[in-house]
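Working notes, structure below.
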Amino acid sequence: MTDQPLVSGVLRKMRVHLESPVRYELALDDSGSGPILNDFLGQHVKLEYTGVINCLECGRKSNKSFNQGFCYPCFTKLPGCDTCIVKPETCHFAEGTCRDESWGLKNCFAPHVVYLANSSGVKVGITRRTQVPTRWIDQGAIQALPIFEVDNRLQSGLVETLLATEVADKTNWRTMLKGAVDPIDLYQARDELLAKCQAQLTALSDAQSGDAIRLLDEKIVDINYPVLNYPTKVASLNFDKTPVVEGVLQGIKGQYLILDTGVINLRKFGAYNINFYA
């Protein structure tokens, strides 16, 4: 490992490419390319937090990163940081209170997919159609199956909330990182779930206009990750507590680097100024 950083800049979530295994790119600043982290598997790497945070939206210095990359003023104003993004069933666009109507029309009034994924067991989730398969990779899913397509984010949230009465809608990140996740027959899981929720789904569909909720017939997507060794015990690393994080890179899964010294969620530290050594 050299004394000079290989790259430096403001950290963003890793760019991902669905290959076998997934190809991960370190994203610093807003450049179009960065080091391919797969190339450093089995090698000693170091990430050094310089103590500076720059908002990913406006660039101003901040004492803290809110919502994985923003200063507090941007956090309170940006539509992508509103609570309805986490809980899409609470969308308030129709009430005229969207933080940015043009943003909402572009991002929320676009086709969304409701899916089943297997990251730490079967779960239901939603994402914009354009975020397939990125969303699944970011969650560390080893399998995913789209089950519905809808016209907008609100409808996806309503379907997800309904299905979440029967299946989990959260990932156990520690289980996901241990690698002890067995394949699941997602076709069977889908069919059983739809049978349990058929009456509620029919009522929800009838309340929407036209064919707003469309059942899909797609294949399971299998996802493999570049991991040499999974940890038996998951120790979380944190730039706020340990500005220098280093160790032998054992693998990459979700948005986590797996080192022999612990794991770190790079997405959590969006907007942090980082030096990367290898």
Original post:
Near Gln198, within a Cβ-to-Cβ distance under 13 Å, what is the net charge of the other residues, with Lys and Arg +1 and Asp and Glu -1?
Top reply: -2
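Please give me the summed charge of the neighbours of Arg267: other residues whose Cβ is under 9 Å from its Cβ, Lys and Arg +1, Asp and Glu -1.
Residues near Arg267 contribute +2 overall.
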Original post:
For the chain, modelled as a GNM with alpha-carbon contacts under 10 angstrom, which of Val86, Val45, Val124 fluctuates the most?
Top reply: Val86
Original post:
Under the rule of -39500 (n - 2.57) per DSSP H run of 4 or more residues, summed and divided by the residues of the chain, what mean residue ellipticity at 222 nm is obtained, to the nearest 500 deg cm²/dmol?
Top reply: -5500 deg cm²/dmol
**OP:** May I ask you to order 175-185, 228-238 by the average number of other C-beta atoms within 10 Å around their residues, highest value first?
**Re:** 175-185, 228-238
Original post:
GNM, the chain, Cα, under 10 Å: largest mean-square fluctuation among Cys58, Cys84, Cys98?
Top reply: Cys58
Subject >> 12 Å beta-carbon shell around Ala144, net charge (K/R +1, D/E -1) >> reply: +1
Original post:
Against the longest principal axis of the chain, how steep is helix 198-207, in degrees 0 to 90 to the nearest 10, with axes from Cα atoms?
Top reply: 80 degrees
Original post:
For segment 1-90, which trypsin sites (Lys or Arg not before Pro) are in a loop by DSSP, counting at most 16 other Cβ atoms within 10 Å?
Top reply: Arg60, Lys64
Subject >> Extreme residue, positive dipole direction of segment 77-222, given options Pro111, Ala207, Ala141 (C-beta unit charges) >> reply: Ala141
Original post:
Can you list the residues, at least 5 places off or on another chain, whose amide H is less than 5 Å from the amide H of Thr261, using H built in the peptide plane?
Top reply: Val248
Original post:
Against the longest principal axis of the chain, how steep is helix 153-163, in degrees 0 to 90 to the nearest 10, with axes from Cα atoms?
Top reply: 80 degrees
**OP:** Run through the DSSP bridge list for the chain and note the antiparallel percent, rounded to the nearest 5.
**Re:** 95 percent
Original post:
Cα axis of helix 186-196 to longest principal axis of the chain: angle in degrees, 0 to 90, nearest 10?
Top reply: 40 degrees
Original post:
Among Leu47, Leu266, Leu116, which one moves the most in a GNM of the chain with springs linking Cα atoms closer than 10 Å?
Top reply: Leu47
Original post:
Rounded to the nearest 5, what is the percent of antiparallel bridges among the DSSP beta bridges in segment 234-278?
Top reply: 90 percent
Subject >> q = 0.12, 0.13, 0.14, 0.21 Å⁻¹, segment 77-222: log10 I(q)/I(0) [Debye, one scatterer per Cα] >> reply: -0.49, -0.58, -0.67, -1.35
Original post:
Relative to the Cα centre, what is the charge dipole magnitude of the chain, using +1 at the beta carbon of each Lys and Arg, -1 at the beta carbon of each Asp and Glu, and rounding to the nearest 20 debye?
Top reply: 760 debye
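Sort the chain into rounded, prolate or oblate with this rule: let a ≥ b ≥ c be the square roots of the eigenvalues of the Cα gyration tensor; rounded if a/c is under 1.5, and if a/c is not under 1.5, prolate when a/b is larger than b/c, oblate otherwise. Could you put the intermediate results ahead of the total?
Details: a/c = 2.42, a/b = 1.41, b/c = 1.72.
Taking the square roots of the gyration eigenvalues as a ≥ b ≥ c, the chain is oblate.
Read-outs throughout are calculated quantities, based only on the coordinates presented, and are distinct from any laboratory measurement. Treat the numbers as computed from the prediction; the structure is a model and nothing was measured. Backbone-built Cβ (ideal geometry, glycine too); neighbour counts: all protein chains shown.
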